Amino acid sequence: MEVAHHKVLQLFLSLFLLTRLSSAARQLTESPVNSPMKFQYHKGPLLTGKISVNLIWYGKFKPAQRAIVSDFITSLSSSSKTAQPSVASWWSAIGEYYHLANSKKPSSLSLSLGKQVLDENYSLGKSLTSEQIVHLASKGEQSHAIDVVLTAADVAVEGFCMSACGSHGSSKSGGKGKASKFAYIWVGNSETQCPGQCAWPFHQPIYGPQGPPLVAPNNDVGLDGMVINLASLLAGTATNPFGNGFFQGPKEAPLEAASACPGVYGKGAYPGYAGNLLVDSAFGASYNAHGVDGRKYLLPAIFNPSTSSCSTLV
């Protein structure tokens with residue numbers, strides 16, 4: 001089995017708020033004008049066409065929790081009925097990468113919600129390796145698809161909380177005929193294991209500036225945190241699905257479309273402060289994007305390779 005395992009740089013509290021030792025953290029806290037980040041296109045394929053996003057739920061999730069994520073995936077598609085700024089308008093920023101890849105005839109990507117697989121009985125136990133994540137991902141469709149494994153709060157995953165809140169990669173398809181690869185994502189529910197690392201700004205950070213946590217827009221710290229990480233990983237998967245697309249830095253730990261902007265959600269963001277966000281007047285929840293059926297989400301900034309800056313919705 002061949003696995004290209006890209007760990008998302010979403011442990012921004014240790015990278016961005018605490019040490020600021022990595023080059024990524026140093027560059028992101030400086031003005032893009034003074035320290036421009038140059039994304040490289042490594043000439044590999046981007047995900048194109050109509051792609052279904054399959055959700056593999058591993059462990060116990062309430063139906064209401066699953067709906068938070070499935071509604072987010074549905075919200076990625078344009079809808080004239082959705083209030084602005086919308087999840088779809090956030091996703092449209094990815095189009096800049098497709099124009100840079102081929103300005104004369106840019107391709108496009110359309111995501112839709114695919115099938116959902118429930119594994120509530122922990123078929124592989126409650127401590128998973130990276131190889132087992134790939135095995136779970138293979139339960140989804142392996143053609144024209146992104147297979148997303150979401151692990152419950154009581155599931156330990158190799159590297160979870162220590163080096164990653166989630167990851168994306170690719171593996172060989174198990175189908176017959178010509179060998180092909182399929183893209184997959186894993187995101188863990190950090191509510192009980194490391195919310196201060198993977199669910200910020202909805203939880204008090206374990207390090208760095210100690211501002212008050214924000215109110216989660218769907219009233220679920222764990223799942224709203226998962227949406228942030230899933231959004232970042234979807235952006236990375238689309239623009240660097242097989243390790244040779246758009247990224248900066250080493251291939252083993254690349255900065256990608258959203259992971260290049262850790263901790264940035266609105267204008268004016270700085271370490272410990274997510275930026276100027278919208279606030280729900282009824283519940284006091286912070287968000288920056290509207291979704292389907294009145295949903296609200298907080299989504300990470302997308303790095304604009306043309307302007308070498310982090311682009312936010314608000």
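Annotation note: Cβ proximity below 8 Å between a residue of the range 190-208 that is closer than 22 Å to residue 151 by Cα and open to solvent by 30 Å² or more (accessible area, probe 1.4 Å) and a residue that is of a type in the set (Ser, Thr, Tyr) and assigned to a loop (DSSP other than H, G, I, E, B) (sequence gap 6+ or interchain) occurs for 197/190. Which one of these does residue 287 not meet: (1) open to solvent by less than 50 Å² (accessible area, probe 1.4 Å); (2) farther than 20 Å from residue 83 by Cβ; (3) of a type outside the set (Gly, Ala, Ser)? So residue 287 meets the others, but not (2). Answer yes if at least one residue in the range 92-112 is hydrophobic (A, V, I, L, M, F, W, C), buried (at least 17 other Cβ atoms within 10 Å of the Cβ) and under 20 Å from residue 141 (Cα atoms), and no otherwise. Looking through the range 92-112, at least one residue is hydrophobic (A, V, I, L, M, F, W, C), buried (at least 17 other Cβ atoms within 10 Å of the Cβ) and under 20 Å from residue 141 (Cα atoms). Does residue 281 satisfy the criteria of being farther than 16 Å from residue 199 by Cα, under 19 Å from the mean Cα position of the chain (by Cα) and either open to solvent by 40 Å² or more (accessible area, probe 1.4 Å) or at pLDDT 95 or above (or both)? No: the conditions fail for residue 281.
Let's see how each residue does on (1) under 24 Å from residue 222 (Cβ atoms); (2) outside any strand (DSSP E or B); (3) in contact with a helix residue (DSSP H, G or I) (Cβ under 9 Å, 6 or more places away or on another chain):
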site	(1), (2), (3)
51	no, no, yes
69	yes, yes, yes
80	no, yes, no
90	yes, yes, yes
125	yes, yes, yes
135	yes, yes, no
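Condition (residue is in contact with a Leu (Cβ under 9 Å, 6 or more places away or on another chain), aromatic (Phe, Trp, Tyr) and free of Cβ contacts under 8 Å to residues at least 60 places away in the same chain) applied to the range 175-183: is it met by at least one residue? No; the residues of the range 175-183 include none that is in contact with a Leu (Cβ under 9 Å, 6 or more places away or on another chain), aromatic (Phe, Trp, Tyr) and free of Cβ contacts under 8 Å to residues at least 60 places away in the same chain. Of the numbered criteria (1) touching a residue at least 40 places away in the same chain (Cβ under 8 Å); (2) over 19 Å from the mean Cα position of the chain (by Cα); (3) open to solvent by 70 Å² or more (accessible area, probe 1.4 Å), the one residue 122 fails is (3).
Among residues of the range 209-248 being of a type in the set (A, V, I, L, M, F, W, C) and farther than 19 Å from residue 187 by Cα, the one that is surrounded by the fewest Cβ atoms within 10 Å (Cβ to Cβ) is 215.
The values are calculated or read from the model by the stated rules, or taken from the named source; none is laboratory data. Remember, predicted model here, so these are calculated numbers, not experimental data. Heads up, the Cβs are rebuilt from the backbone with ideal geometry, glycines too, and the neighbour counts pull from every protein chain shown. Calculation scope for accessible area: heavy atoms of the full protein, side chains included, ligands and nucleic acids excluded. Shrake-Rupley method; radii C 1.70, N 1.55, O 1.52, S 1.80 Å.
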